[in-house]
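*Asks:* Please find one structure pasted underneath; my questions will follow.
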Amino acid sequence: MPQQTPAEFGPLEVRLMDLAWARQGEFSVRDAAEHLASLAYTTVMTTLDRLFKKGYLNRRMQDRAFFYSARYSRAELEQRQAGKLVSGLFSNSHSSPEALISCLVDAVGQYDESLLDELERRIAAKREELRNGETA
Amino acid sequence: MSFGYAGRLLCLSLASFFLVFTSLNLLISLLAPLAIGFAERRRPRLGALLLLAVRLLPLAGGLLFVGILCVPSYLRLEPALDQEQAGPVSVVIALLGVVLCSVSLAASVRALRKSASFFRPAQETKLPGWAGSAGVIEGPASVLALTGVLHSRLVISRELLSALTAPELDIALRHEKAHLQSRDNLKRLLILLSPNLIPFLPGVRAMERSWARLTEWAADDRAVAGDYGDSILLADVLVRCARMRRPPEPLLTSSLLCCNGDLSARVDRLLGRPEPSHTSSAVPVATAALAAAGLGALALHPAILHAVHHALELLLD
């Protein structure tokens, strides 16, 4: 499956995240600015700061310089995005037509555990009843 | 404001569509409890069809009025004057008609795009017993859903795919196949094209919930096809899926009571030896077609066209 950067990133954020994943380690603002030579240092610095605040990058300070690294791998991030997308689509899916999806069971939300236990007991009882009816 | 011949027709069509739509919207909001009670006493498939017909009445009524009465009476009886005045009230109502159509179209397009984008992170896969397109996703554990309207695709979470045995997966897929054959996603789209203009009255929303519930029951019935062993198996799959669900993230607003009640009712129905579902919807469709044909024939009666044209002239002035 071709790899894609999650859809919520802007073009510069995409390039910086690609850099973070390619490096597989830490890099400074200067490293990033040299890699993206066409952009101003301050632009790169601001965008890295934004990605850190959004939670996509780790950051630490050393000798008055920030060093960044990817917080999630590309695959992990895509999974989280897919999970969020799916959760958002499936909230109230049965009662709302907006999602244009037909689900087997409401995919998000909580069921009462004691209710589920009770339902399982009833199912087991009916299974037993059916088995006894077949063998009788 | 003065309009040409075509402009007056457009103004009249939009204004009359809006007025008929709004009137029928109010009517179904008030009659919703009766409609729900009647539908829920029928077999789920018929009950769902009845509720859908009532829910779509504003859209159908508006379109029928414009198509069968407004436009024919105008074309037959309106003199072809170059310019004629249209009253401000009719113009305002026509603009409301434009807004209504725009809002419903925008909501439908948004929903279609959302539905299509949902399948994007899925990995294509082949599922035994499923002839169409299917994909596996990472995400909430118990996802098994049919997305899309004209080209429906099945989506299943990896965790659920691993957890279900072959017979369990088969019965679950038969439930989704029932949704596919009933074109339930297309019906959802039609509901979007008929927005509720009176949200402060709870009737329409209650009708949609009841329709959704009966639709699920109908799909359950079709999947098990009267086999009691399959009913118990499907009930078991539903409960296991419910157990696999993760709690919602803080921004989601699922209702605990709603989920519990619906699941319990579905399981009880399945354990209570459901009757075989009737697959043919020929009688209701034929009845509706005959009724529409009858209405059409009646509407083209000259006296009726004159009366409608006179009423529309009053609206335009």
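The values are calculated or read from the model by the stated rules, or taken from the named source; none is laboratory data. As the structure is a prediction and not an experimental result, all values here were calculated from the model. Methodologically, a virtual Cβ is constructed for each residue, glycine included, from the backbone with ideal geometry; neighbour enumeration extends over all protein chains shown. All accessible areas refer to the heavy atoms of the entire protein, side chains included, with ligands and DNA or RNA removed. Shrake-Rupley method; radii C 1.70, N 1.55, O 1.52, S 1.80 Å.
*Asks:* Being over 12 Å from B:LEU233 (Cβ atoms), within 21 Å of the chain's Cα centre (by Cα) and either at the interface with chain A (Cβ under 10 Å from one of its Cβ atoms) or among the β-branched types (Val, Ile, Thr) (or both) is the filter here, so list the residues in segment B:156-182 that pass it.
*Replies:* The answer is B:GLU176, B:ALA178, B:HIS179, B:LEU180, B:SER182.
*Asks:* B:HIS179 fails exactly one of the following numbered conditions: (1) under 16 Å from B:GLU216 (Cα atoms); (2) without any contact (Cβ under 8 Å) to a residue 40 or more places away in the chain; (3) of a type outside the set (S, T, N, Q). What is the number of that condition?
*Replies:* Condition (2) is where B:HIS179 drops out.
*Asks:* Would you confirm whether or not segment B:116-129 contains a residue that is open to solvent by less than 70 Å² (accessible area, probe 1.4 Å), closer than 29 Å to B:LEU56 by Cα and of a type in the set (Val, Ile, Thr)?
*Replies:* no
*Asks:* Test of understanding: among A:ASP49, A:ASP63, A:ASP31, which residue is at pLDDT 90 or above, over 22 Å from the mean Cα position of the chain (by Cα) and not β-branched (Val, Ile, Thr)?
*Replies:* Of A:ASP49, A:ASP63, A:ASP31, the one residue that is at pLDDT 90 or above, over 22 Å from the mean Cα position of the chain (by Cα) and not β-branched (Val, Ile, Thr) is A:ASP31.
*Asks:* Starting from residues that are in contact (Cβ under 8 Å) with a residue 12 or more places away in the chain, outside the structural domain of B:ASP262 (by TED's automatic domain parsing) and of a type in the set (Gly, Ala, Ser), keep the ones in segment B:182-217 and report whichever is surrounded by the fewest Cβ atoms within 10 Å (Cβ to Cβ).
*Replies:* The selected residue is B:ALA206.
*Asks:* When you scan segment B:63-77, do you find a residue that is outside any helix (DSSP H, G or I) and of a type outside the set (Val, Ile, Thr), even just one?
*Replies:* no
*Asks:* Report those helices (runs of 4 or more DSSP H) wholly inside segment B:153-200 carrying at least 3 residues which are farther than 17 Å from B:LEU52 by Cα and at pLDDT below 90.
*Replies:* Numbers: elements: B:158-163, B:166-182, B:184-192.
Those helices (runs of 4 or more DSSP H) span B:158-163.
*Asks:* If you don't mind, there's one more thing I want to ask. Sort out for me the strands (runs of 3 or more DSSP E) sitting completely within segment B:86-150 that have 1 or more residues that are in contact with a Phe, Trp or Tyr (Cβ under 8 Å, 6 or more places away or on another chain).
*Replies:* Where strands (runs of 3 or more DSSP E) fall fully within segment B:86-150 and carry at least 1 residues being in contact with a Phe, Trp or Tyr (Cβ under 8 Å, 6 or more places away or on another chain), they are B:130-137, B:144-147.
*Asks:* Looking at (1) of a type in the set (Gly, Ala, Ser); (2) closer than 19 Å to B:PHE38 by Cβ; (3) more than 11 Å from chain A (Cβ to nearest Cβ), which one does B:GLY226 not meet, given that it meets all the others?
*Replies:* The single condition B:GLY226 does not satisfy is (2).
*Asks:* Looking at segment A:17-36, which of its residues are free of Cβ contacts under 8 Å to residues at least 40 places away in the same chain and in a helix (DSSP H, G or I)?
*Replies:* Within segment A:17-36, A:ASP18, A:LEU19, A:ALA22, A:VAL29, A:ARG30, A:ASP31, A:ALA32, A:ALA33, A:GLU34, A:HIS35 qualify.
*Asks:* Return yes or no: is B:SER133 at pLDDT below 85 and within 22 Å of B:ALA219 (Cα to Cα)?
*Replies:* no
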